[in-house]
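So the structure is just underneath, and the comments pick up after that.
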Amino acid sequence: VSQSRYPHVHHGPKKGKEYLLEFLMLFAAVSLGFLAENLREGFIERRRSRELALALRTDIEQDIEKIKVLNINRTEILRKAKLAVFDIEKNGFKRSDSNQYRLMLRSAYYWQYFEPITANLDQIINSGSLRYFKNKELIKAIRNDN
């Protein structure tokens, strides 16, 4: 007869209390596993949401800087357009005046438009991370709700 390394020891029939204790231990282990997984997922989601919010803040700060530069450029373009109009009104349109052409072309062709950075905002909305923001006015503004 071959004996295994770990022979099965039989202690007799299990009692109801032993079954109940095993069930409770197994139930507690599975429940704690689910609880730990949910806590871990919640922690990861909150951390990711914070990272997205900080990235959104950075995007907004960059957009503000772009708007400032855009306004400076537009102010200069408008100034040159006014100079061109003033020059034409004062001296008339002269086909050979390169300064008039340069001023007119600059005002007509160098107009810029603002394009905001939306990648992180789109990710916040599409990932459902918007639910972590507590300010309802902010959520409405982000969603463009009326």
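The values are calculated or read from the model by the stated rules, or taken from the named source; none is laboratory data. In this text, all values refer to a predicted model and were calculated from it rather than measured experimentally. Methodologically, a virtual Cβ is constructed for each residue, glycine included, from the backbone with ideal geometry; neighbour enumeration extends over all protein chains shown. With ligands, DNA and RNA removed, areas are computed over all heavy atoms of the protein, side chains included. Shrake-Rupley method; radii C 1.70, N 1.55, O 1.52, S 1.80 Å.
Side notes on the structure shown:
- Residues of the chain: accessible area per residue with a 1.4 Å probe, Å²: 87 Å²
- Sum of side-chain charges, Leu83 neighbourhood, beta-carbon under 14 Å (Lys, Arg +1; Asp, Glu -1): +2
- Residues of region 112-146 with amide N under 13 Å of the 7 Å Cα→Cβ point at Arg46: 132-133
- Phe114/Ile142 FRET efficiency (R0 22 Å; Cβ-Cβ; nearest 0.05): 0.75
- For region 1-120, a simple Cβ point-charge model (Lys and Arg +1, Asp and Glu -1, everything else neutral) yields a dipole of about 300 debye relative to the Cα centre.
- Taking every lysine pair in the chain that is 8 or more places apart or spans two chains, those with Cα atoms closer than 20 Å amount to 5.
- Using only side-chain charges placed at the Cβ, +1 for Lys and Arg and -1 for Asp and Glu, the dipole size of region 11-76 relative to its Cα centre rounds to 300 debye.
- Choice from Glu51, Glu22, Glu115 showing the highest fluctuation, given a GNM over the chain with Cα pairs closer than 10 Å: Glu22
- On the beta carbon distance between Leu39 and Lys14, with R0 = 30 Å, the FRET formula returns roughly 0.30.
- Nearest 10 degrees, 0 to 90: helix 16-91 Cα axis against the chain principal axis: 0 degrees
- Positive dipole terminus of the chain, leading residue within Trp111, Leu130, Ile60 (C-beta point charges): Trp111
- Kirkwood hydrodynamic radius of region 24-66, from inverse mean 1/r over distinct Cα pairs, in Å: 12.8 Å
- Rounded to 10°, Cα long-axis angle of helix 98-109 versus longest principal axis of the chain: 30 degrees
- For region 58-136 and region 21-49, distance of Cα centres in Å: 52 Å
- By the equivalent-ellipsoid construction on the alpha carbon gyration tensor, the chain comes out with semi-axes of 76, 17, 9 Å, ordered largest to smallest.
- Longest segment of the chain lacking chymotrypsin sites (Phe, Trp or Tyr not before Pro) that sit in a DSSP loop with at most 15 other Cβ atoms within 10 Å: 1-92
- Taken along the Cα-to-beta-carbon direction at a fixed 7 Å, the label points for Phe23 and Arg79 span 8.5 nm.
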